[in-house]
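Take a look at the structure below.
The values are calculated or read from the model by the stated rules, or taken from the named source; none is laboratory data. These numbers come from a predicted model, not from an experiment. Using ideal geometry, Cβ is built from the backbone for each residue, glycine included, and neighbour counts are taken over all protein chains shown. For the accessible areas, the whole protein counts, side chains as well, though only heavy atoms, and no ligand, DNA or RNA atoms are used. Shrake-Rupley method; radii C 1.70, N 1.55, O 1.52, S 1.80 Å.
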Amino acid sequence: MDFDLTAEEQRFEEEVEAFLRENWSADVMDPQPEQLSQTVDSPAKRAFVAKLAERGWLGMSWPREYGGQERSGIYDFILTEALSRYGAPQPGKGVGIVGKTLIRHGSEAMKRAFLPRIIRGEIEFAIGYSEPNAGSDAANMQLRATRVDGGWRLDGQKSWTTSAHFADYYWLGARTDRSHKHKGITLFLIPMQQPGLTVRPIHTIGDERTNEVFFDGVFAPDDTVVGQVNHGWTYICEALDLERFAMMPVGPLEMKTRALVDHVRRGQRDGLPLARDPGCRRRLAKVVTELEVSRMLQRRVIAAALRNDVPTVESSQYKLFMNETGQRLANTALDLMGPEGTLRPGTEGAPLNGRFERSYRYTIVDTIGGGASEIQKNIIAARGLGLPRS
Ligand SMILES: Cc1cc2nc3c(=O)[nH]c(=O)nc-3n(C[C@H](O)[C@H](O)[C@H](O)COP(=O)(O)OP(=O)(O)OC[C@H]3O[C@@H](n4cnc5c(N)ncnc54)[C@H](O)[C@@H]3O)c2cc1C
């Protein structure tokens, strides 16, 4: 099976890499990238995303009538991976989740209002599905939408809404019919500044901020409903399938593995070269092999998506294995570095400036966000192996 990029795809990858080298900036990029450290949360990062847009790299796979180029999703994949290796901001939410869903289901007015601004990289979105009692079971969302004159009144709470403190718009699911679980959810797209919304921070163990958001009589006019009332769950599931090419990249794991290998090549312990230590060599061999398995699992997802299959089981296998490899890598690094490995970034004497102390904390969060490891295992058992639900 040939997983290599074609000559044209390789040229695109080189072009993106050259652009990233030329535009490298500590204000915009994380020199020690983690999955969660690549949000568009500052004016400098927005300006960077606008540069990607000027190059025509946003919405490459969108239809031409909406400003896209109808290119294969593999180009979105190449872009996402390159950005992730440089710790650069990821514009995926607007282009992928919101943009592609609006193209399929949005009203003409919504398409006119949002698609040109998304493809120019001008607006940022927060995604609100999770609630205190609706995380793994997101379809249990209870944020109440009550019919009022000209629209809906929203009351209740969302939790874990990343980006809510800087986004321009809120893409959220709310319950419009209490008599059906999955068929009682409607998607809304409202301004983040709408009166009645309160955003409070949740600081994660991985340093990054997410939020809880409270709704107190927030008015959502009829024209903020995406598609049809009570069809929201279908659109939410579909958006997951549309996003295979810009899903969790493997780039940060590659960069961390490379950094650890370099450290072992150059480092010493008790006056002896780490590279000669048999235990150290064994553990390093294991982590580079696990990186390679992660890359292959990801290529299987991409290959299936290119065939227009829905690689649900493959995606779960990739997310489960890649995220847990990230945790094992951080564990290995801290073991090899000894007590200094636990020094935080910025502390004098911290090996690799505390990179793996930070990574140890970030990679715990990776195994929860976007569907916890236990949920991925349930999907593999039920859909992959056909086992009954436990
Ligand atoms: C940093 C971060 C950012 C996030 N950003 C967003 C965002 O922008 N928008 C958004 O909508 N959501 C976001 N989330 C929410 C994320 O999707 C949920 O945290 C995740 O789905 C888990 O839900 P929960 O936290 O409610 O945990 P729960 O669902 O309560 O799970 C708790 C534990 O029980 C286990 N568990 C639950 N059900 C089962 C089961 N059936 N079988 C076996 N084990 C089970 C889980 O695996 C987990 O270990 C974010 C989360 C984090 C941590």
I need the shape label for segment 1-126. Rule: rounded when a/c is under 1.5, else prolate if a/b > b/c, else oblate, with a, b, c from the alpha carbon gyration tensor. oblate
How far, in degrees from 0 to 90, does helix 73-85 lean away from the longest principal axis of the Cα atoms of the chain, to the nearest 10? 50
Electrostatic dipole magnitude of the chain [Cβ: Lys, Arg +1; Asp, Glu -1; Cα centre; debye, to 20]: 660
Anisotropy class of segment 97-249 from Cα gyration tensor, a/c 1.5 cut: rounded
Cα-based convex hull, the chain, per residue volume (Å³, whole number): 156
Can you tell me how much longer the chain between Glu108 and Arg389 gets when fully stretched, taken as 0.36 nm per residue apart minus their C-alpha distance, in nm with one decimal? 97.0 nm
Segment 1-51 and segment 295-323 have their Cα centres apart by a whole-number Å value of 22
Would you mind putting 182-193, 265-276 in packing order, based on average other-beta-carbon counts within 10 Å, highest first? 182-193, 265-276
How many Å² of accessible area per residue for segment 237-379, probe 1.4 Å? 49
When the solvent-accessible surface of protein heavy atoms is calculated with a 1.4 angstrom probe, in what order do Phe166, Phe19 fall, highest first? Phe166, Phe19
How far, in degrees from 0 to 90, does helix 232-242 lean away from the longest principal axis of the Cα atoms of the chain, to the nearest 10? 40
Just check segment 196-238 against the gyration tensor rule for me: Cα atoms, a ≥ b ≥ c as the square roots of the eigenvalues, rounded for a/c under 1.5, and otherwise prolate or oblate depending on whether a/b exceeds b/c. oblate
Could you check how much of the accessible area of segment 201-245 is carbon and sulfur, as a whole percent, using a 1.4 Å probe? 56
Go through Cys280, Cys237 and list them by solvent-accessible area, largest first, probe radius 1.4 Å. Cys237, Cys280
Rounded to a whole number, the Stokes-Einstein D of segment 59-104 in µm²/s (Kirkwood radius over Cα pairs; 20 °C; 1.002 mPa s) is 195
Ratio of Rg to Rh for segment 268-390, alpha carbon only, Kirkwood? 1.09
Residue-by-residue Karplus 3J(HN,Hα) for segment 44-51, coefficients 6.51, -1.76, 1.60, Hz, glycine and proline x: 5, 5, 5, 4, 5, 5, 4, 5
Just the number, please: carbon plus sulfur as a percent of the accessible area of segment 1-78, 1.4 Å probe, no ligands or DNA/RNA counted. 46
Per-residue HN-Hα couplings for segment 157-162 [Karplus 6.51, -1.76, 1.60; θ = phi - 60°; Hz; x = Gly/Pro]: 8, 10, 10, 6, 7, 5
Keeping every protein chain present and rolling a 1.4 Å probe, give me the accessible area per residue for segment 67-132 in Å². 32
Give me a comma-separated list of calculated 3J(HN,Hα) values for segment 139-151, in order, Karplus coefficients 6.51, -1.76, 1.60 applied at θ = phi - 60°, integers in Hz, x for any Gly or Pro. 5, 7, 4, 10, 3, 8, 10, 10, 5, 9, 4, x, x
Calculate, in nm to one decimal, what Ile364 and Ser136 gain on full extension: separation in residues at 0.36 nm each, minus their alpha carbon distance. 80.4 nm
Apportionment of accessible area to carbon and sulfur, segment 288-390, percent (1.4 Å): 54
The convex hull of the Cα atoms of segment 171-268, divided by residue count, gives a volume in Å³ per residue of 162
Accessible-area value, Asp207, 1.4 Å probe, nucleic acids and ligands omitted, Å²: 80
Rolling a 1.4 angstrom probe over the protein chains, ignoring ligands and nucleic acids, what is the accessible area of Thr80 in square angstrom, nearest 10? 10
Sorted by accessible area (1.4 Å probe), largest first, how do Arg200, Arg328, Arg383 line up? Arg383, Arg200, Arg328
